[in-house]
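The values are calculated or read from the model by the stated rules, or taken from the named source; none is laboratory data. Everything numeric here is computed off the predicted structure, so don't read it as measured data. Using ideal geometry, Cβ is built from the backbone for each residue, glycine included, and neighbour counts are taken over all protein chains shown. Side chains are part of the model used for accessible areas, which takes the heavy atoms of the whole protein and leaves out ligands, DNA and RNA. Shrake-Rupley method; radii C 1.70, N 1.55, O 1.52, S 1.80 Å.
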Amino acid sequence: MSLPRYEVYAIKYASMPRRRRDNFLPADDHDGPMPMDFFVWLLKGETENILVDTGFSQATGVKRNRQWLRCPIEACRTLGVDPASLGDVILTHLHYDHAGNLPLLPSARFHVQDGELDYATGRCMCHAAMRHAYAVDDVVELVRKVYADRVVFHAGDGSVAPGVELLLIGGHTKGLQAVRVHTERGWVVLASDAGHYYENIEGERPFPIVFSVADMLAGHRRLMDIAGSATHLVPGHDPEVLARYPRVAGDAIGTALLHQPPRR
C-alpha cells in the first residue's frame, strides 16, 4: 500500500530581532543581525489534517517582547482547516513558543514524548535558567489534558499516522521530537528546535538554549542523515525558510509550501 502524501505548510505567526551572538554556542565573533521567525506546521492529508506545535498567545508575546503577528491556531483557517476539527496535534516540545493555545483545540489529542513532560515537571525546573523557556500555565494545561485522556505519550521514535513519523532527538530539551512527513517530493523532516537555523544544523553549531550539547550535535547529524539532503530538512525558526520555498499567495505574513521543491 502506498503511503499518503501530505501537503506541509510552515505558518509564520511571530518574529523577533536577534543577533548572531545569540544563536550559536560558542558565541559568533562576527556579530550582526540574525532575526528569528516563529512557525507552526500544518500537515494536510487526504483523510486527516495534523498540526505540529501550537505557538504562543498574544498575551505571551507581549510578556516576552515578541512581535506577535497572528494567532497560529486561527491561521489554519486560511488553509481551509477548522481548528475544531483537528484530531492529532504533535507537540515537538513544551517551550512557550511551541505549546501554548491548547484550549483553542477542543477536539485534539496531543502527542508528546515521555521525557519532555518528565523534564518540564521535574527537578530541572527548580533552576530558573532551565525553566525560562517554559510557561508554567502551558505545562499545567497539558497536565490537565493528561487527566482528560487527551495526551498520547511516546517513548522514542514512533508514528502518529501512516506517513507521519516522530523522531526523538533531544538536545535542546530532554524530550524534543522532530517530525518526518511523506509528501509529493518524498520525505520532509521538520526539525523544529533540533535546529533553529540552517547554520546550526549544517555547521554543527549548537543553539545556546540546550539541555545536552552532545545530544544536540548528534541530532544535527542524525537529522541530516534521515533527510538525505538540506532540501528535505526544515529548521524551526529560520526566516530563510520563507525565502527558499514557494509561499501561499495572498498571505502577507508568510506561509511556506514545504511539500514543493525549494525555489533555490
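Given a 1.4 Å probe, how much area per residue of the chain is accessible, in Å²?
That works out to 43 Å² for each residue.
Any chance you could run the full-extension gain for Ser229 through Arg263? It's 0.36 nm times the residue separation minus the Cα-Cα distance, nm to one decimal.
Here the segment from Ser229 to Arg263 would lengthen by 10.7 nm.
Would you look at the GNM of the chain, springs on alpha carbons closer than 10 Å, and say which of Gly32, Gly158, Gly100 moves the most?
Gly32
Which of Tyr198, Ala230, Ala256 sits farthest toward the positive end of the charge dipole of region 139-264, with +1 on the Cβ of Lys and Arg and -1 on the Cβ of Asp and Glu?
Checked the options; the winner is Ala256.
Find the centroid of the Cα atoms in region 14-58 and in region 86-127, then give the distance between the two in whole Å.
The distance from the Cα centre of region 14-58 to that of region 86-127 comes to 17 Å.
What is the antiparallel percent of DSSP beta bridges lying wholly in the chain, to the nearest 5?
About 70 percent, rounded to the nearest 5.
From Cα coordinates alone, what are the radius of gyration and Dmax values for region 116-225 in angstrom?
Rg, Dmax (Cα atoms, Å): 15.0, 45.
What is the magnitude of the charge dipole of region 67-189 about its Cα centre, with +1 placed on the Cβ of each Lys and Arg, -1 on the Cβ of each Asp and Glu, and no other charges, expressed in debye to the nearest 20?
120
Given R₀ = 41 Å, what would the calculated FRET efficiency be for Asp22 paired with Glu46, taking r from the Cβ atoms and rounding to 0.05?
According to the calculation, E is roughly 0.50.
Using label points projected 7 Å from each Cα along Cα→Cβ, tell me how many nm separate Val136 and Ala243, to one decimal.
Simple spin-label model gives 4.0 nm for this pair.
Rg and Dmax of region 195-252 over Cα atoms: what are they, in angstrom?
Considering region 195-252 through its Cα atoms, Rg and Dmax are 12.9, 42 Å.
Go through region 1-55 and name the chymotrypsin sites (Phe, Trp or Tyr not before Pro) that are in a DSSP coil and have 15 or fewer other Cβ atoms within 10 Å of their Cβ.
Qualifying residues, ordered by number: none.
Quick one: pull the percent of accessible area on region 188-260 belonging to carbon and sulfur, 1.4 Å probe, ligands and nucleic acids left out.
Ligands and nucleic acids excluded, carbon and sulfur reach 54 percent.
Mind putting a number on the dipole of region 171-214 about its Cα centre? Charges go on the C-beta only, +1 for Lys and Arg and -1 for Asp and Glu, and I need it in Debye to the nearest 20.
160
If you roll a 1.4 Å probe over region 28-125 with all protein chains in place, what percent of the accessible area is carbon or sulfur?
Answer for region 28-125: carbon and sulfur cover 48 percent of the accessible area.
Please state the charge dipole magnitude for the chain, taken about the Cα centre, from unit charges on C-beta atoms (+1 on K and R, -1 on D and E), reported in debye and rounded to the nearest 20.
420
Quick one: what are the phi-derived ³J(HN,Hα) couplings along region 143-159, Karplus 6.51/-1.76/1.60 with θ = phi - 60°, whole Hz, x for glycine and proline?
4, 4, 5, 4, 5, 9, 6, 10, 10, 10, 8, 10, 10, x, 4, x, 9
Could you name the lysines in cross-link range of Lys12, using Cα to Cα under 23 Å and dropping any fewer than eight places away on the same chain?
Result set, ordered by chain and number: Lys44, Lys63.
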